[in-house]
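In what follows, a single structure is set out as structure tokens and then discussed.
The values are calculated or read from the model by the stated rules, or taken from the named source; none is laboratory data. Worth saying up front: this structure is predicted, and the values here are computed from it rather than measured. Positions of Cβ are generated from backbone atoms using ideal geometry, with glycine treated the same way; all protein chains shown enter the neighbour counts.
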């Protein structure tokens, strides 16, 4: 009987170590040897050159971008934001949430700016007539973001910058994206136990963003714990690893 009880205890601990602790440890070791600024004042917040000038791109476009965040937390998380433009527009609109002052910001930085000196990358994009049709819905979802007031921001487990972008992606599933697994805060959907079935057909169970499950065509199958994610994407084969991100077929 004792052996059975011991086995029942050891199996979850072993799975936690392999699926959560090991990837997080590897990401932390990698981050420890990176050249990073000593503070936000010393960081580079300039444009990275990832995006062309809006006037050079006549069609409508939507881009979800992410870059490693600053300090020790950059080992395990990215900061994400959304950038978009109407057809013929001569400027990009950047929308995001930050951790100081009023959380919701528009155009506070260059659309493709580095974040704490870390260059951004594309999570995914939509262009052309499809993007043009989705932009009004994106703007509506930004207006409806429920944690936009001063004092609402929570660095962990949320609501934070990744909570904001994840909210948009759930409200406008035709964008066809989910944030990477190391976007800490993306699974915060409210305090206490919250069950949601989003417009894209994905099911989410979350307890204050600290523990939960997600399953569906965009999400695949995910286990959430302490803001980190281990999961498998079936339709676009990939592993989702804590601190490391998505390993496999990228979003188109």
Restricting the search to segment 169-197, which residues are more than 23 Å from residue 127 (Cβ to Cβ), in a loop (DSSP other than H, G, I, E, B) and either in contact with a strand residue (DSSP E or B) (Cβ under 6 Å, 6 or more places away or on another chain) or at pLDDT below 95 (or both)? 181, 182, 187, 189, 190, 191, 192
On the given criteria, is residue 97 over 24 Å from residue 128 (Cβ atoms), crowded, with 18+ Cβ neighbours inside 10 Å and modelled with pLDDT of 95 or more? yes
Out of the residues in segment 101-115 that are touching a strand residue (DSSP E or B) at 6+ places or on another chain (Cβ under 9 Å) and not in a strand (DSSP E or B), which is farthest from residue 54 (Cα to Cα)? 103
Output the number of the condition that residue 122 fails; it satisfies all remaining conditions of (1) surrounded by 17 or more Cβ atoms within 10 Å (Cβ to Cβ); (2) touching a residue at least 60 places away in the same chain (Cβ under 8 Å); (3) within 12 Å of the chain's Cα centre (by Cα). (1)
Of the conditions (1) touching a helix residue (DSSP H, G or I) at 6+ places or on another chain (Cβ under 9 Å); (2) farther than 30 Å from residue 225 by Cα; (3) touching a residue at least 40 places away in the same chain (Cβ under 8 Å), residue 93 clears all except one; give me its number. (3)
Across segment 219-238, which residue is farthest from residue 73 (Cα to Cα) among those that are touching a residue at least 24 places away in the same chain (Cβ under 8 Å) and part of a loop (DSSP other than H, G, I, E, B)? 219
